[in-house]
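We did not get these values from a lab; they are worked out from the coordinates using the rules stated. This structure is a prediction, so every number in the text was calculated from the model and none was measured. Cβ placement follows ideal geometry from the backbone for every residue including glycine, while neighbour counts extend to all protein chains displayed.
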Amino acid sequence: MFASSPFHELSSLGFSVIPIAKGNKFPVGKWKQFQTELPSEAQLNQWARNDTNIGIVTGPISNLLVLDLDSAEAIEEAKELGLPETPIVKTASGWHVYFQYPGVDVSNKAGIRLKWDIRGKGGYVVAPGSTHPTGAIYEWVKSPSDCGLAPTPDWLMGLLSGKTSEGCDVARDRTSAQGGRSKEEISRS
């Protein structure tokens, strides 16, 4: 009955999905279990009946690391560094660039560069087809049917480790002690 719902479609790509409340970007209910286990068919069917946005859990469970670029300038900087062919989602203010989760743990990080955040282990992103609080629709720029997930680029791994390829320190994680952003910061991206 719901085999073609957005929840089912994203799940069929290997992503762990969760329901996100319409009008904001926060999960409906508890979602920690979906960081280590995929939702069941019954859960997907239940969520498909509701009018919600969809989230994709990032990290090892979905083999997904997302670079969240929150401005046109951030997108241009990333392009200059060399974005590989990989799925990309248009957000209200920029792009979510999807990569294969690397072989090392990568948690959420805010401010790795100006208007650049990372969603990794313990995080999630709002999925295509969802509605941003501003009314903007998240949509594929390049979908997984256009290209597979590219490996995380070396230059991005360098930024995440705090070193550039030249070995210089770069901006450190500017998140709170919990590693997250404020609700105000989240609502802007």
Legend entry - Three principal axis lengths of region 96-159 [C-alpha, angstrom, descending]: 34, 27, 21
Inset, instruction - Would you grab the residues whose amide H sits under 5 Å from the one on Ser107? Only those 5+ places off in sequence or on another chain, please, with H modelled 1.01 Å from N. - result: Lys121
Inset, instruction - Might you report the magnitude of the Cβ-based charge dipole of region 48-124 about its Cα centre, with Lys and Arg at +1 and Asp and Glu at -1, to the nearest 20 debye? - result: 260
Legend entry - Against the rule of thumb 2.2 N^0.38 Å, how large the Cα Rg of region 78-129 comes out: 1.16
Inset, instruction - Could you pull out every residue, at least 5 positions away or on a different chain, whose amide H is within less than 5 Å of the one on Thr91? Hs are placed 1.01 Å off N in the peptide plane, and Pro or chain starts have none. - result: His96
Legend entry - Amide H contacts of Leu64 (H built 1.01 Å from N, under 5 Å, at least 5 apart or other chain): Gly59, Tyr101
Legend entry - J(HN,Hα) series, region 60-73, from Karplus relation 6.51 cos²θ - 1.76 cosθ + 1.60, nearest Hz, glycine and proline x: x, 4, 9, 6, 9, 10, 10, 8, 9, 9, 9, 6, 4, 5
Inset, instruction - Per residue of region 31-48, in order, report the coupling 6.51 cos²θ - 1.76 cosθ + 1.60 (Karplus, θ = phi - 60°) as ³J(HN,Hα) in whole Hz, putting x for Gly and Pro. - result: 9, 4, 4, 7, 7, 10, 9, 7, x, 7, 4, 4, 5, 4, 4, 4, 5, 5
Legend entry - Residue-by-residue Karplus 3J(HN,Hα) for region 101-118, coefficients 6.51, -1.76, 1.60, Hz, glycine and proline x: 5, x, x, 10, 5, 10, 8, 5, 9, 9, x, 5, 8, 4, 6, 10, 10, 10
Legend entry - For region 6-89, the spread of Cα positions along each principal axis, largest first, Å: 44, 27, 21
